[in-house]
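Each remark here refers to the structure printed beneath this line.
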Amino acid sequence: MGIDKRGSQVDKTKSPLFDILPTGRGNAMTGRDLAAVLGWELRDITKEICRLRRLGVPICAYRTGYALADSSTNELDYYCRQFEGRLSEIAKTYTALENYRKRKSPAVQGEACDVHL
């Protein structure tokens, strides 16, 4: 494993997806297109993107598809700010659900929980 030309630490031989990911928002490819090129299932594309991100590969998701962040722009900064906003909303929802669960827990209240997700 080493640093590649895009500045990411990844063993490219273990990720055919990495080799075909375009760079920059304007070049993004849909998950379906990536799956078609590689002959993979869409869920495998999603799993591999998650794995690569956890290795530090800057893969951004756009309405138009996936792409590596263009290091010559502020794409990664923008994408990270979007994540921060989403994390904040997820935390609020989680806290509210946890509070509800604690109040309505069958073990505590002796009744069935009526939360539907």
**Request:** Tell me which residues, restricted to region 47-75, are modelled with pLDDT of 90 or more and among the polar types (S, T, N, Q).
**Result:** THR64
**Prompt:** Any residue in region 76-91 that is in contact with a Phe, Trp or Tyr (Cβ under 7 Å, 6 or more places away or on another chain) and modelled with pLDDT of 90 or more?
**Reply:** no
**Request:** Specify which of the listed residues (ASP33, ASP44, ASP19) is at pLDDT below 95, outside any loop (DSSP other than H, G, I, E, B) and over 12 Å from the mean Cα position of the chain (by Cα).
**Result:** ASP19
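The values are calculated or read from the model by the stated rules, or taken from the named source; none is laboratory data. From a predicted model like this one, the values you see are computed outputs, not experimental measurements. Virtual Cβ from ideal backbone geometry, glycine too; neighbours counted across all protein chains shown.
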